[in-house]
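These notes concern the structure reproduced below.
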Amino acid sequence: MVAHNPLFHGPWTSKRFQATVLNDIWPEVLLFTLFATMVAAVSELTPHQLVLSNALLTVLGTVLGLVISFRTSSAYERYQEGRKLWTNIGVASKNLAMLFWIHTPAKRDIPGASEEQIRFRVIMEKKTMINLIQAFSVAVKHFLRGEPGAYYQDLYPLICFLPRYASEGAPSLDDKLPLWSSSDDYEEAHKNKNKAKGNPRSAADTPNHHHPQRTESLPTHSHNGSVIEDNKSETSWFRPLKRNSNGYSRSRRNTFDPEKVLPEVDSHHPLKPARNPPSASIYDYFPLLRFFAWCGRVLMNKRLTEQEMEERLKRKKLDQVESNVPMEPSPDFTVAALMQAGLLQPAISSGMVTNLSSLQDTLSNLERIRNTPLPFAYQAHLRMSLWLYLLFLPFQIVGPFGWWTIPGTAFTSFLLLGFLEIGQEIENPFNYDLNDLDLDHFCLALQRELHEITAYTSPDIFSFVFNAWNHPFAPADRRNAAELMKHDSYSIPHDKSAPAPGIESIRRTLVKSWREVDSTTRHT
């Protein structure tokens with residue numbers, strides 16, 4: 001199976017080249033091509049022959065090829081492992097949700113509450129626990145993307161009701177629990193840099209009434225059916241200005257807004273969008289300009305602004321991140337309370353604990369991938385070795401190739417540098433790059449499946465098993481369950497050699513069904 005090709009899907013923008021490694025390696029390819037041009041020109045146009053023996057060409061090329069292959073393979077292994085671990089999160093979350101929804105008993109002894117009130121209360125408790133299971137995957141997504149805190153539009157509405165203080169009496173800042181303490185500290189530290197123009201989800205902005213501000217979280221389709229890649233792609237380079245029928249410009253008409261299905265709650269901190277990719281700049285397409293910008297800052301003795309520093313840190317692939325947010329939206333305490341109250345059977349409680357342990361184990365493995373980059377010494381030595389190889393390559397092939405040294409060096413540098421850059425890009429597959437894992441899709445797919453689980457009721461089995469739609473003994477016996485229940489005992493119809501009515505007749509019918517299915521479903 002081939003991955004989705006973003007280059008030829010929808011209207012063209014320069015942003016699409018970020019799906020390749022061209023915008024990352026073209027300065028190096030250009031540098032080595034110009035150097036090869038100089039070597040070829042000197043050797044062909046002057047009496048000087050810049051020729052070296054090519055004895056080391058084969059040996060060094062083979063060694064570098066093997067090392068680069070190992071580098072790419074190890075990075076792809078991390079990519080695949082990250083995908084497998086997200087599958088584990090989905091499986092454990094769905095198993096845990098089904099255990100909560102189906103096996104948690106609806107009958108309890110609550111003084112002063114009617115049976116209907118108890119049933120309503122239990123359903124609300126179970127739905128809340130499933131919402132916390134959904135919040136776990138969202139918290140893991142933000143954790144892996146290096147986005148600390150809990151104040152996000154797709155996370156905060158799911159966990160805002162959790163306890164904030166260790167003491168239920170007079171709350172104090174000293175008693176604030178780790179989840180909210182770390183989140184509030186992070187928001188206060190970045191308050192000056194993230195001044196919002198009045199977030200409608202902030203209680204401080206609209207204490208009485210608000211219309212939630214939304215964010216676009218996944219690629220969607222614009223009004224003409226074309227794909228919109230993220231919340232910044234409508235203003236990407238070279239995109240024509242869109243206007244409506246009245247001639248007024250607009251950024252988007254049809255937006256993909258999955259956060260509108262979440263609760264609308266107030267927050268004393270502005271809620272950040274569910275998706276926060278770093279904004280693209282001219283330096284992403286022309287990395288060489290970063291060097292001139294750095295030289296200009298040094299000459300003018302000018303430092304980076306806080307916003308520029310934050311954007312630069314966000315673009316880094318493997319910054320160490322720590323967060324206690326994914327540990328909090330876990331329904332461990334609920335399982336413990338149900339077990340202490342004797343409301344769970346041992347097998348069910350064991351299954352819940354097993355799935356909770358699976359979620360924590362998966363989180364630890366994802367953290368290992370995210371925070372364990374390839375050692376810098378290995379990366380630096382490999383890149384320097386490749387640069388030296390490409391620098392000496394024109395001297396070794398200019399003799400037999402002549403002017404063909406220029407395209408030969410360009411192609412070789414493109415090939416080797418491309419594989420090296422691919423390995424570096426997919427080493428951490430949790431960011432916003434077009435080649436990274438689509439964590440937003442995983443979380444939304446899990447959200448849909450969890451809501452589908454809660455959409456099913458727990459009806460009485462006798463209400464649907466014994467009706468006229470059910471044919472339990474087909475194909476040997478085509479009678480429906482309603483007809484079968486009219487008789488006191490089961491008997492095989494129109495079979496003179498049939499045994500006496502009862503279990504023996506049922507067994508013969510089942511064997512006959514097996515024979516008919518076995519013979520009919522075989523092609524030969």
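The values are calculated or read from the model by the stated rules, or taken from the named source; none is laboratory data. What you are looking at is a predicted structure, and each value in this text was computed from that prediction instead of being measured. Neighbour counts run over all protein chains shown; Cβ positions are idealised from the backbone, glycine included. Heavy atoms of the whole protein, side chains included, go into the accessibility calculation; ligands, DNA and RNA do not. Shrake-Rupley method; radii C 1.70, N 1.55, O 1.52, S 1.80 Å.
Data table
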{"read-out": "Counted residues, segment 107-152 - those being assigned to a loop (DSSP other than H, G, I, E, B), among the acidic types (Asp, Glu) and more than 18 Å from the chain's Cα centre (by Cα)", "value": "1"}
{"read-out": "Every residue from segment 68-82 that is crowded, with 16+ Cβ neighbours inside 10 Å and farther than 17 Å from Thr372 by Cβ", "value": "Ile68, Thr72"}
{"read-out": "Some residue of segment 79-88 being of a type in the set (Val, Ile, Thr) and touching a helix residue (DSSP H, G or I) at 6+ places or on another chain (Cβ under 8 Å)", "value": "no"}
{"read-out": "Residue selected from segment 452-468 under the condition of a type in the set (A, V, I, L, M, F, W, C) and assigned to a helix (DSSP H, G or I), by the criterion surrounded by the most Cβ atoms within 10 Å (Cβ to Cβ)", "value": "Ile453"}
{"read-out": "Selection from segment 64-87 of residues that are closer than 12 Å to Leu417 by Cα and of a type in the set (A, V, I, L, M, F, W, C)", "value": "Leu64, Ile68"}
{"read-out": "Matching option when the condition is touching a residue at least 24 places away in the same chain (Cβ under 8 Å) and either over 30 Å from Ser357 (Cα atoms) or touching a Gly at 6+ places or on another chain (Cβ under 7 Å) (or both), among Leu50, Leu85, Leu66", "value": "Leu50"}
{"read-out": "Residue count, segment 400-443 (criterion: assigned to a helix (DSSP H, G or I), touching a residue at least 12 places away in the same chain (Cβ under 8 Å) and open to solvent by 50 Å² or more (accessible area, probe 1.4 Å))", "value": "6"}
{"read-out": "Criterion (at pLDDT 85 or above and crowded, with 18+ Cβ neighbours inside 10 Å) met by exactly one of Leu64, Leu31", "value": "Leu64"}
{"read-out": "Residues satisfying the stated conditions in segment 471-524, i.e. hydrophobic (A, V, I, L, M, F, W, C) and either in a loop (DSSP other than H, G, I, E, B) or in contact with a Ser or Thr (Cβ under 6 Å, 6 or more places away or on another chain) (or both)", "value": "Phe473, Ala474, Ala476, Met485, Ile492, Ala498, Ala500"}
{"read-out": "Counted residues, segment 487-499 - those being open to solvent by less than 70 Å² (accessible area, probe 1.4 Å) and either within 16 Å of His471 (Cα to Cα) or not acidic (Asp, Glu) (or both)", "value": "7"}
{"read-out": "Hits in segment 351-380 (condition: open to solvent by 20 Å² or more (accessible area, probe 1.4 Å) and among the hydroxyl-bearing types (Ser, Thr, Tyr))", "value": "Thr354, Ser357, Ser358, Ser364, Thr372, Tyr378"}
{"read-out": "Segment 500-524 - residue that is polar (S, T, N, Q) and under 54 Å from the mean Cα position of the chain (by Cα) and, of those, most open to solvent (accessible area, probe 1.4 Å)", "value": "Thr524"}
{"read-out": "Number of the exception - Ile348 against (1) open to solvent by less than 40 Å² (accessible area, probe 1.4 Å); (2) in a loop (DSSP other than H, G, I, E, B); (3) modelled with pLDDT of 80 or more", "value": "(2)"}
{"read-out": "Flag for Glu452 being in contact (Cβ under 8 Å) with a residue 24 or more places away in the chain and among the acidic types (Asp, Glu)", "value": "no"}
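Yes/no per residue for (1) of a type in the set (A, V, I, L, M, F, W, C); (2) not in a helix (DSSP H, G or I):
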{"site": "Ser43", "(1), (2)": "no, no"}
{"site": "Gln49", "(1), (2)": "no, yes"}
{"site": "Val59", "(1), (2)": "yes, no"}
{"site": "Phe70", "(1), (2)": "yes, no"}
{"site": "Thr87", "(1), (2)": "no, no"}
{"site": "Ser93", "(1), (2)": "no, no"}
{"site": "Met98", "(1), (2)": "yes, no"}
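Residues are listed down the side, and each one gets a yes or a no for (1) closer than 30 Å to Phe143 by Cα; (2) out of contact with any helix residue (DSSP H, G or I) (no Cβ under 9 Å at 6 or more places or on another chain):
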{"residue": "Gly423", "(1), (2)": "yes, no"}
{"residue": "Leu434", "(1), (2)": "yes, no"}
{"residue": "Asp440", "(1), (2)": "yes, no"}
{"residue": "Ala455", "(1), (2)": "yes, yes"}
{"residue": "Phe464", "(1), (2)": "no, yes"}
{"residue": "Ala481", "(1), (2)": "no, yes"}
{"residue": "His523", "(1), (2)": "no, yes"}
